[in-house]
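Colleague: Following this message is one structure expressed as structure tokens.
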Amino acid sequence: MMKELAKSIREYKKASIATPILVSFEVVLECIIPFVIALLVNEVKSGGDMRMLLRYGAILIVMAVLSLLFGALAGSTCATASCGLARNLRKDMFYAIQDYSFENIDKFLTSSLVTRMTTDVTNVQFAYMMLIRTAIRSPLMLVFAFVMAVVMGGRMAWIFLFVVPVLAIGLGLVIYKTMPLFRKVFKKYDNLNASIQENIKAMRVVKSFVREDYEQKKFNTAAEDVCADFTKAERILALNNPLMQFCVYAVMVFVLSFGSYTIISSRGLDLDVGQFSALLTYSFMMLSSLMMLSMVFVMITMAVESGKRIVEVLSEKSTLTNPANPVYEVADGSIVFDHVNFKYSPTAERMALSNIDLTIRSGETIGIIGGTGSSKSSLIQLISRLYDVTEGSVKVGGLDVRQYDLETLRNQVAVVLQKNILFSGTIKENLRWGNPDATDEEMAAACQMACADEFISGFPDGYDTYIEQGGANVSGGQKQRLCIARALLQKPKILILDDSTSAVDTKTDAKIRKAMRTYIPETTKIIIAQRTASVQDADRIIVMDGGTINAVGTHAQLMANNEIYREIYTSQNKAGDQDED
Amino acid sequence: MKTKQAKKGTVRRVLTTMLGFYPVMMPLTIACIVISAVVSSIPSIFMQNVIAVMEENWRDGNWSAVSGRILRLVAILAVFYILSLIAGLAFNQLMAIITQGTLKKLRERMFGDMQRLPIKYFDTNNHGDIMSRYTNDIDTLRQMISQSFPQLLISTITVLTVFCIMIYYSVWLTLVVLAGVIAMLAVTKKVGGGSARFFFRQQKALGRVEGFVEEIMNGQKVVKVFCHEEASKADFDKLNDILFEESRRANRYANILGPILNNIGNILYVLVALTGGLLLLTEAPNLSLSGMALSISIAVPFLNMTKQFVGNINQVSNQVNSVVMGLAGANRIFELMDEQPEQDNGYVTLVNAREENGVITECPERTGMWAWRHPHQVDKTVTYTKLAGDVRLFDVDFEYEPDKPVLRDISLYAKPGQKVAFVGATGAGKTTITNLLNRFYDIADGKIRYDGININKIKKDDLRHSLGIVLQDTNLFTGTVMENIRYGKLDATDEECIAAAKLAGADDFITRLPEGYQTMLSGNGANLSQGQRQLLSIARAAVADPPVMILDEATSSIDTRTEAIVQRGMDALMTGRTVFVIAHRLSTVKNSNVIIVLDHGRIIERGSHEELLAQKGQYYQLYTGAFELE
């Protein structure tokens, strides 16, 4: 995982390496300062002269200033390195996702991708900052302070060999005990928050069934549970501070009693007052750096989960790639399905499509009808190679779709998806998705064909009307017509409408179909619909059932011979809400 | 100035809230913290004493002569230490309990208060924003309560104690330390302020990236279909680079603050040592509370105290950010808790009743018959009206926002068992009418009567019990299928739930689920199809068995076969009840007793299907497909 994440450091390698080096300088200086001060103290004690004193002072201040400089520089390079890593991680993830195939996209929830690109990256950024700064600083500090303590305090320094392991083991135990607890409780905490979200979304239901008290009781039970687990974990974690205090105190008592003994009994030869004071400083440095280290460890462990989730996105390889020598020209709009079998994932048990054999001539209008789960959408998604067939082949313009350059193919095969989306931006900006160079006239023409022109001109800002995210400020029918216009601007050889007029009224629906027949006769048109009215004037209608082609024929033929088609037709027309035209 | 006062108020409110939750534990904890902090500052005094003894005697090299004095001093020190340890252990444990307990109680209270807010609050506030009070804000509050509060208290007390000890020994050296501290505070203010400003900008940049990513990921398949990948990469890069710049600046400021303060501390340390040395060498007169002359035995512990002083100031500056964030979080939490809850002045209640010889009497047990209990204030009598489901609107006006009327002059009636359908374009006011019936919103003018009683007089809970609703967006809860159906009537038996499912036509698919009625649903029934979710919500309404139903048809397209099943379920639910249907497709409305066509908040046509068709008005146009409904 580390390796995978480290790939994103790239141009920030310099800053990443500079940080620990600068930090090392800072630590060394910081550790030497008490040593020099000890010399200074002894100088004063032995009645040294003024010049000596000032010289020590100057050296010390220079050292402190240098240490400040190194520390500040390290802080700055560290910010560059960690924010840079975060930037590259976000970029790499976004790029990776853009190259995903439909199959890859299906694997991840949108919300989970967003969390990975925000919260998880922030966690890793923070951990990285810790790693190149604090995680270097603390052990270094520990070692240097110990070395200095030995140099200064001689035998006395060996107390640290006893105290440091005690603290290390203590802190280690605390981490060992709390980590699994925290992992468990964070999961519960997530669930609790999920249930709050559920409650907020369902507030109308809660209120209309008068279930406020019931919800409160349910919530309290869950909150109680989370609180109990959290308290348990936090209480163990709260042992850290007293443990640290205990070690500091132990050192103090030892140094005071044993130190004064050494000083007095050796007449200040083995240890003097200045060294004595420095020893206390070093003990504090060592123990607090250990404390920091344990915190860093906890932080990094928590970031590991985030790191894993990021790598999951980065290492997901697109299941669709361009061929080695792609073809950049689509001859015509003919489509051939040759013994096609298809399932969504290699592990799926059931085929979504089986045994599809179908030939569609260029310029033909094809209707597809069938119940939910009859794999209508699956069928058409193979044409623009949104998914690859499992067995058999799909040919467009006489060539297997896998031989084309993907962009060429998708530019020639326009699909208006069932779950279609407009993006925040003006109507023009949205339409240009179909053709970035489209002129105003072309856009107006496409919108006229899709019967969108009338309502667009009704807006005060016309084609410059701003569409809110998800097209929240236009109605369902208007949205669908804009999506069709957007696809028409692509000037494709094949146009596929996947249930794209369900919210459009029947009259307009018919008008759009008529316009397409008149203005783009050479384009192959495939229309998936729930209403038989939308397909009955097609050249041929395909009836899908359970992943197979049940029948192909004209409206009249199917009415005469096909059970399913007839049933759908009568159910819709008996209900009386479908008007034939 | 005003914001500062508000912040002060927030601090007090957080503290009093905690004190309210833990009236004994809180003072106990504070006492422990004070003890721990004071005791931890005392060693300097002992150190001074021990060093003074050493100073006097180290030339003699006679340990046994002074061992008694030194060991006694160390022993007393050890006792202080043990005291400090106990206090430290106690406050750390208590703090863990208090923190989590406070958060839990705050969460519960916030959730409870939220349940009592009017629907308007949820309609006008972003759900993500409400949600973040439970997540982000509670988390920052946790940081503040568990870390910042104790740390600030400890640091303040330590600084004060150390300060006292310092001037006790030497005023001159103390002045040097104070000068350093002022420098540190100035740096904190400057650098810390810069950091806060850029962190704020970083959050904004992050929000923009998040918004962009969310929108693109939502439409990822559309991006693919239009080969728009490269364009969206370019757009993303722009936003991502801005975020990088802002966050680099913010973190740079935050990162350099530590080393700067640390090393100002070091310089201070040096300055104290130098000043001390100078004073000692020149034998300048000392100024101190103790009247002691300056000596090595004072200078050495003074150096340690300088470290302690600086360390604590450093700690305080570390906490500034989290306190500011914690207070902002607390403010938002209190804001939610302070929202005006839904008002209810209703006094007419729904009671179990029995009818004998045409007289309705109240009874405690369930009879299957319900009556409105209507106490009259004037003559102190109580009348009972049988719950029948007769709903009438008289000249109702309504507006969500002042001067933007949504409904005007709406008058209509539905006798028990009748079916009223509302038809009209989006924004015509169909859904609004149902919002008024169960008093999610209150009407501006006019009157609504339920069984002849003004609904403003009916207790809201009872009014809502008497109305069933199937909303167009189905909301299911995490739990089993059975639990979800039982939501309509909490004391319903399994048999009643199954019967309701059968009535709704949901039994068929439920029994085919892997665990049947015990199948777990999560994520709003993500493992069910749209139609199946609708069937469950119909079953849920059926088990409640109210005399009046409001059905808001789903707009999303489901296939014809499932639609037919859902339709049958709806029809079964409607029989024998007063029903209001909000129609998004016209197939459901044909057999209504009356169809009401709404346009811009006014009733423009009303009548039966046949009558309206004969009128050849708006309804005719809709019906023949000349207009879109949505």
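The values are calculated or read from the model by the stated rules, or taken from the named source; none is laboratory data. Quick caveat: nothing in here was measured; it's all calculated off a predicted structure. Here the Cβ positions follow ideal geometry from the backbone for every residue, glycine too, while neighbour counts run over all protein chains shown.
Colleague: Scan the stretch A:518-528 and give yes if some residue there is facing another protein chain (nearest Cβ under 10 Å), in contact (Cβ under 8 Å) with a residue 40 or more places away in the chain, part of a helix (DSSP H, G or I) and farther than 30 Å from A:Ala348 by Cα, otherwise no.
Modeller: no
Colleague: A follow-up question, please. Would you point out which residue out of B:Arg72, B:Arg59 is farther than 30 Å from A:Leu237 by Cβ, without any contact (Cβ under 8 Å) to a residue 12 or more places away in the chain and more than 9 Å from chain A (Cβ to nearest Cβ)?
Modeller: Every option except B:Arg72 fails the conditions.
Colleague: Only one residue in A:Phe182, A:Phe230, A:Phe246 is surrounded by 16 or more Cβ atoms within 10 Å (Cβ to Cβ) and more than 24 Å from A:Glu305 (Cβ to Cβ). Which one?
Modeller: Matching residue, one of A:Phe182, A:Phe230, A:Phe246: A:Phe246.
Colleague: Name the residue that is farthest from the other protein chains (Cβ to nearest Cβ), counting only residues in the stretch A:396-446 that are small (Gly, Ala, Ser), buried (at least 21 other Cβ atoms within 10 Å of the Cβ) and outside any loop (DSSP other than H, G, I, E, B).
Modeller: Per the stated criteria, the residue is A:Ala446.
Colleague: Within the stretch A:300-315, does at least one residue satisfy the condition of being out of contact with any Lys or Arg (no Cβ under 7 Å at 6 or more places or on another chain), free of Cβ contacts under 8 Å to residues at least 12 places away in the same chain and within 14 Å of chain B (Cβ to nearest Cβ)?
Modeller: no
Colleague: A further question follows. What number of residues in the stretch A:149-159 are crowded, with 19+ Cβ neighbours inside 10 Å and either outside the structural domain of A:Ala38 (by TED's automatic domain parsing) or at pLDDT 85 or above (or both)?
Modeller: Total meeting the criteria: 1.
Colleague: What about A:Val330, is it part of a loop (DSSP other than H, G, I, E, B), under 27 Å from A:Asp99 (Cα atoms) and either of a type in the set (Asp, Glu) or touching a residue at least 24 places away in the same chain (Cβ under 8 Å) (or both)?
Modeller: The answer is yes for A:Val330.
Colleague: To continue, here is another question. Can you tell me which residue among A:Ile356, A:Ile310 is surrounded by 15 or more Cβ atoms within 10 Å (Cβ to Cβ), in the same structural domain as A:Phe246 (by TED's automatic domain parsing) and at pLDDT 85 or above?
Modeller: A:Ile310
Colleague: Any residue that is closer than 20 Å to B:Tyr623 by Cα, in contact with a helix residue (DSSP H, G or I) (Cβ under 9 Å, 6 or more places away or on another chain), surrounded by fewer than 22 Cβ atoms within 10 Å (Cβ to Cβ) and at pLDDT 85 or above - is there at least one of those in the stretch A:505-526?
Modeller: Yes, there is a match, as at least one residue in the stretch A:505-526 is closer than 20 Å to B:Tyr623 by Cα, in contact with a helix residue (DSSP H, G or I) (Cβ under 9 Å, 6 or more places away or on another chain), surrounded by fewer than 22 Cβ atoms within 10 Å (Cβ to Cβ) and at pLDDT 85 or above.
Colleague: Assuming B:Tyr269 fulfils every condition listed in (1) within 33 Å of the chain's Cα centre (by Cα); (2) modelled with pLDDT under 85; (3) of a type in the set (Ser, Thr, Tyr) apart from one, which condition is it?
Modeller: The one condition B:Tyr269 does not meet is (1).
Colleague: Another question, then. Output the number of the condition that B:Gln472 fails; it satisfies all remaining conditions of (1) in contact with a Ser or Thr (Cβ under 7 Å, 6 or more places away or on another chain); (2) within 14 Å of chain A (Cβ to nearest Cβ); (3) modelled with pLDDT of 90 or more.
Modeller: The number of the failed condition is (3).
Colleague: Return the pairs, sorted by first residue and then second, in which the second residue is aromatic (Phe, Trp, Tyr) and buried (at least 20 other Cβ atoms within 10 Å of the Cβ), the first residue lies in the stretch B:209-238 and is at the interface with chain A (Cβ under 7 Å from one of its Cβ atoms) and part of a helix (DSSP H, G or I), the beta carbons are less than 6 Å apart, and the residues are 6+ apart or on different chains.
Modeller: Going by the 6 Å Cβ cut-off, the qualifying pairs are B:Phe236/A:Phe94.
Colleague: Does the stretch A:251-262 contain any residue that is surrounded by fewer than 20 Cβ atoms within 10 Å (Cβ to Cβ), among the β-branched types (Val, Ile, Thr), modelled with pLDDT of 80 or more and at negative phi?
Modeller: yes
Colleague: Residues to consider are B:Asn255, B:Asn263; find the one that is without any contact (Cβ under 8 Å) to a residue 24 or more places away in the chain, within 24 Å of A:Met129 (Cβ to Cβ), more than 41 Å from the chain's Cα centre (by Cα) and facing chain A (nearest Cβ under 7 Å).
Modeller: That would be B:Asn263, the only listed residue that is without any contact (Cβ under 8 Å) to a residue 24 or more places away in the chain, within 24 Å of A:Met129 (Cβ to Cβ), more than 41 Å from the chain's Cα centre (by Cα) and facing chain A (nearest Cβ under 7 Å).
Colleague: A further question on this structure: Would you mind finding the one in A:Arg55, A:Arg87, A:Arg10 that is without any contact (Cβ under 8 Å) to a residue 12 or more places away in the chain, basic (Lys, Arg) and under 20 Å from B:Asn251 (Cβ atoms)?
Modeller: On inspection, the qualifying residue turns out to be A:Arg87.
Colleague: Scan the stretch B:502-543 for residues that are touching a residue at least 60 places away in the same chain (Cβ under 8 Å) and in a loop (DSSP other than H, G, I, E, B) and report the count.
Modeller: Of the residues in the stretch B:502-543, 2 are touching a residue at least 60 places away in the same chain (Cβ under 8 Å) and in a loop (DSSP other than H, G, I, E, B).
Colleague: Give me the helices (runs of 4 or more DSSP H) completely within the stretch A:1-109, filtered to those with at least 3 residues that are of a type outside the set (Val, Ile, Thr) and facing chain B (nearest Cβ under 9 Å), ordered by residue number.
Modeller: Ranges flagged: A:13-45, A:50-98.
Colleague: Being within 13 Å of chain A (Cβ to nearest Cβ) and modelled with pLDDT of 70 or more narrows it down to one of B:Ala572, B:Ala554, B:Ala564, so name that one.
Modeller: Only one candidate qualifies: B:Ala564.
Colleague: Another question, if that's okay. Looking at B:Val320, B:Val310, B:Val316, which one is more than 10 Å from chain A (Cβ to nearest Cβ), in a helix (DSSP H, G or I) and surrounded by fewer than 19 Cβ atoms within 10 Å (Cβ to Cβ)?
Modeller: B:Val320
Colleague: With the structure loaded, tell me whether A:Tyr328 is hydroxyl-bearing (Ser, Thr, Tyr), surrounded by 14 or more Cβ atoms within 10 Å (Cβ to Cβ), farther than 27 Å from A:Met559 by Cα and within 14 Å of another protein chain (Cβ to nearest Cβ) or whether it fails that test.
Modeller: Spelling it out, it is not the case that A:Tyr328 is hydroxyl-bearing (Ser, Thr, Tyr), surrounded by 14 or more Cβ atoms within 10 Å (Cβ to Cβ), farther than 27 Å from A:Met559 by Cα and within 14 Å of another protein chain (Cβ to nearest Cβ).
Colleague: Are any residues in the stretch A:126-149 facing another protein chain (nearest Cβ under 8 Å) and out of contact with any Pro (no Cβ under 8 Å at 6 or more places or on another chain), and if so, which ones?
Modeller: Result: A:Met129, single match.
Colleague: Could you list, ordered by first residue, the pairs with Cβ atoms under 9 Å in which the first is in the stretch A:167-185 and free of Cβ contacts under 8 Å to residues at least 40 places away in the same chain and the second is not in a helix (DSSP H, G or I), at least 6 apart or interchain?
Modeller: Correct list of pairs: A:Leu173/A:Leu239.
Colleague: A further question follows. Take the conditions surrounded by fewer than 16 Cβ atoms within 10 Å (Cβ to Cβ), among the hydroxyl-bearing types (Ser, Thr, Tyr) and out of contact with any Ser or Thr (no Cβ under 6 Å at 6 or more places or on another chain) and apply them to A:Thr321. Does it pass?
Modeller: yes
Colleague: Something else now. Given the criteria in contact with a helix residue (DSSP H, G or I) (Cβ under 6 Å, 6 or more places away or on another chain), under 25 Å from B:Leu85 (Cβ atoms), within 10 Å of another protein chain (Cβ to nearest Cβ) and part of a helix (DSSP H, G or I), does A:Ile264 qualify?
Modeller: Criteria not met by A:Ile264.
Colleague: Can you go through A:Ala487, A:Ala533 and tell me which one is in a helix (DSSP H, G or I), in the same structural domain as A:Met559 (by TED's automatic domain parsing) and under 28 Å from A:Glu567 (Cα atoms)?
Modeller: Of the residues listed, the single one that is in a helix (DSSP H, G or I), in the same structural domain as A:Met559 (by TED's automatic domain parsing) and under 28 Å from A:Glu567 (Cα atoms) is A:Ala533.
Colleague: Let me ask you something else. Among the helices (runs of 4 or more DSSP H) confined wholly to the stretch B:1-113, which include 1 or more residues that are more than 22 Å from the chain's Cα centre (by Cα), buried (at least 19 other Cβ atoms within 10 Å of the Cβ) and at negative phi?
Modeller: Fully inside the stretch B:1-113 and qualifying: B:25-41, B:43-57.
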